[in-house]
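In what follows, a single structure is set out as structure tokens and then discussed.
Derivation of every value follows stated rules applied to the coordinates shown; laboratory data play no part. Source: prediction; values computed, not measured. Because the Cβ atoms are built from the backbone with ideal geometry, glycine has one as well, and the counts that use them run over all protein chains shown.
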Amino acid sequence: MHTPVLVAEIVRFLNTNRDGMYVDCTLGAGGHSLALLEACAGCRIIGLDVDPEALSIAKERLSVYERSGRIKILRESYVNLSSILRSEGIKEVDGILADLGVSSMHLDNPSRGFSFKEEGPLDMRMDPSSEKTAYDVVNAYSERDLARIISEYGQERFARRIAREIVRSRPINTTKDLVDAISRAIPFSEKRKRKRHFATKTFQAIRIEVNNELENIKKFLVQAEDALKLGGRVAVISFHSLEDRIVKNHFRNSKKLKVVTKKPVTPTEREIQINPRSRSAKLRVAERI
């Protein structure tokens, strides 16, 4: 089961109306929504996710609240937030949550292709029904485009060398094949001194490209501020500096939002000990004015 991050903090910042309407834009296994439903006795939630595996778990976990009508679970992307709310007859909401991290369900399942730890297909799709896969990016993109993506999205200093080795090693069919290509491209001394696995940045970059993550965040934020009622709040948890920068700049530059968290809220040492994957999480919150 995926362990949600910053749960107490999300409840503290979003629980502004015990009878309010909220949207959990990245429902996942339902951890954040469950905490909100338990904390505010009369609130209702629209829960969105594109992953059928996650939705199946969430529906079972939240079945009592779904039967009572306090949560409605939809297989939808947060990038369609405005049209979803219109179709549900909802004009404004009290709170919106987006957790931009990759869940443990993705990372720990080799068949999804997100992890470099075990061999699996080159997939990396959050939504299994979408067309573009990691295989397409790795095997069809030009060396120049690969280098740009790995440098920009992965912030990898050896992006050009990695792109060159990927093209030289085609066809690349599995996550192990990709790890091997990355390994050949990065000097041994560099791999030895890195704190994180040498393939982390490249896998991250390809995942972002496959799922169009950064552009989707920008589209979501514009829709989120328009969907909030006065005093309503939007909370975004990011795990990547590029994501966090987009959120920070949008909140800071928006004429419709007031920043609630002057600095990002991060997990406590206790939470990091319990859930090491939470260590890079950053929560930013803004309020509709």
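All distinct Cα pairs of the stretch 210-289 go into the 1/r average, and the inverse of that average, the Kirkwood radius, is 13.3 Å. Counted over the stretch 1-98 with a bin width of 10 Å, the fraction of Cα pairs per bin, in whole percents, is 16, 55, 29, 1.
Calculated on the alpha-carbon coordinates, the convex hull of the stretch 6-59 measures out at 67 cubic angstrom per residue.
Kirkwood's formula applied to the C-alpha pairs of the stretch 61-212 gives a hydrodynamic radius of 17.4 angstrom.
Quick one: pull the percentage of alpha-carbon pairs in the stretch 216-255 with a separation above 15 Å. When every Cα pair of the stretch 216-255 is considered, 37 percent fall beyond 15 Å.
Less than 5 angstrom separates the built amide H of I73 from those of G47, all sequence-distant by 5 or more or on a different chain.
Taking 4.7 Å between C-beta atoms as the pairing limit, the chain has these partnerless cysteines: C25.
You can think of it this way: the chain between T174 and D19 has 51.0 nm of extra reach, that is 0.36 nm per residue less the Cα-Cα gap. Each residue of the stretch 72-87 was assigned a 3J(HN,Hα) from its phi angle through the Karplus curve 6.51 cos²θ - 1.76 cosθ + 1.60 (θ = phi - 60°); the sequence is 10, 9, 10, 7, 8, 9, 5, 5, 9, 3, 4, 5, 5, 5, 4, 5 Hz, with glycine and proline shown as x. For the options I172, I208, I272, a Gaussian network treatment of the chain with springs between C-alpha atoms closer than 10 Å singles out I272 as fluctuating the most. Per the Cα gyration tensor, the chain maps to an equivalent ellipsoid with semi-axes of 35, 19, 18 Å, ordered largest to smallest. Measure up K91/K282; K72/K229; K258/K282 against 22 Å on the Cα-Cα distance and list the ones that go over. With Cα atoms farther than 22 Å apart: K91/K282.
By the equivalent-ellipsoid construction on the alpha carbon gyration tensor, the stretch 158-205 comes out with semi-axes of 17, 11, 9 Å, ordered largest to smallest. In the chain, what % of DSSP beta bridges are antiparallel (nearest 5)? Of the beta bridges lying entirely in the chain, close to 40 percent run antiparallel.
For L257, the residues whose amide H sits under 5 Å from its own are I289, ignoring neighbours fewer than 5 places away on the same chain, with H placed 1.01 Å from N. The residues neighbouring P110, those whose beta-carbon lies less than 12 Å from its own, together hold a net charge of -1 under the Lys/Arg +1, Asp/Glu -1 convention.
Comparing I206, I150, I90 in a Gaussian network model of the chain (Cα springs below 10 Å), the most mobile by mean-square fluctuation is I90.
Normalised by 2.2 N^0.38 Å, where N counts its residues, the alpha-carbon radius of gyration of the stretch 35-145 equals 1.30. When the Cα convex hull of the stretch 92-132 is projected onto planes of every orientation, the mean area is 4.2 nm².
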